[in-house]
Amino acid sequence: QVQLVESGGGLVQAGGSLRLSCAASGNIFSINTMGWYRQAPGKLRELVATITRGGNTRYADSVKGRFTISRDNAKNTVYLQMNSLKPEDTAVYYCQVTIMTTEFWGQGTQVTVSS
C-alpha cells in the first residue's frame, strides 16, 4: 500500500503565495509521474501540473508562469509552488502519483484565495 500525505494548503489573499507538499510512503518501488490536480465546487477535477521522474513538466494553461512543480526523488516528495494566486485558484488540491501503472491519490488539501 502507498500513503500520500499532503500539506501546505490554507487561506491566502489574491496575489499571495502558497507551497504544497506531498510525501509518498509505503510499498514504493519506483514512482513514475507525480502531479497535482484540483477540484473546485461544482466542477470536475482538473490537472494542474505533472512532473516525470526525469523532471519533464506539464502545466495547465491557467497556471503557466505562476505555478512551479518540482520533486525530490530521494524523499519521494512532490511540491507545488503557487505564486500570484487568484480567487479562481480556490479548490481542493490533490496529489497523485503513478507507480508502475497504478495511480494513487492523496486526501486533498484546501486552498482558498480571497479577493
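The number of residues in region 56-66 that are touching a residue at least 24 places away in the same chain (Cβ under 8 Å) and either of a type in the set (D, E, K, R) or crowded, with 19+ Cβ neighbours inside 10 Å (or both) comes to 1. Within region 73-94, being modelled with pLDDT of 95 or more, under 22 Å from Phe29 (Cβ atoms) and exposed (fewer than 13 other Cβ atoms within 10 Å of the Cβ) holds for no residue. From the list Leu44, Leu85, Leu11, Leu4, the lone residue that is within 14 Å of the chain's Cα centre (by Cα), among the hydrophobic types (A, V, I, L, M, F, W, C) and closer than 18 Å to Val111 by Cβ is Leu4. Within region 33-53, if we keep just the residues that are hydroxyl-bearing (Ser, Thr, Tyr) and not in a loop (DSSP other than H, G, I, E, B), the residue that is surrounded by the most Cβ atoms within 10 Å (Cβ to Cβ) turns out to be Tyr37.
So which residues in region 14-36 are over 12 Å from Val111 (Cα atoms) and either in contact with a Gly (Cβ under 6 Å, 6 or more places away or on another chain) or of a type outside the set (S, T, N, Q) (or both), if there are any at all? I'd like the intermediate steps shown before the answer.
At the first step, the residues of region 14-36 found to be over 12 Å from Val111 (Cα atoms) are 15, 21-36.
Those that are over 12 Å from Val111 (Cα atoms) and either in contact with a Gly (Cβ under 6 Å, 6 or more places away or on another chain) or of a type outside the set (S, T, N, Q) (or both): Gly15, Ser21, Cys22, Ala23, Ala24, Gly26, Ile28, Phe29, Ile31, Met34, Gly35, Trp36.
In the list Ser17, Ser62, Ser21, Ser70, which residue meets the criterion of being at pLDDT 95 or above and touching a helix residue (DSSP H, G or I) at 6+ places or on another chain (Cβ under 9 Å)? Full working, then the answer.
Numbers: Ser17 fails: touching a helix residue (DSSP H, G or I) at 6+ places or on another chain (Cβ under 9 Å); Ser21 fails: touching a helix residue (DSSP H, G or I) at 6+ places or on another chain (Cβ under 9 Å); Ser70 fails: touching a helix residue (DSSP H, G or I) at 6+ places or on another chain (Cβ under 9 Å).
Of Ser17, Ser62, Ser21, Ser70, the one residue that is at pLDDT 95 or above and touching a helix residue (DSSP H, G or I) at 6+ places or on another chain (Cβ under 9 Å) is Ser62.
Starting from residues that are more than 14 Å from the chain's Cα centre (by Cα) and in a strand (DSSP E or B), keep the ones in region 14-32 and report whichever is surrounded by the most Cβ atoms within 10 Å (Cβ to Cβ). Residue satisfying both the conditions and the ranking: Ile31.
The values are calculated or read from the model by the stated rules, or taken from the named source; none is laboratory data. As the structure is a prediction and not an experimental result, all values here were calculated from the model. We place every Cβ from the backbone using ideal geometry, glycine too, and count neighbours over all the protein chains shown.
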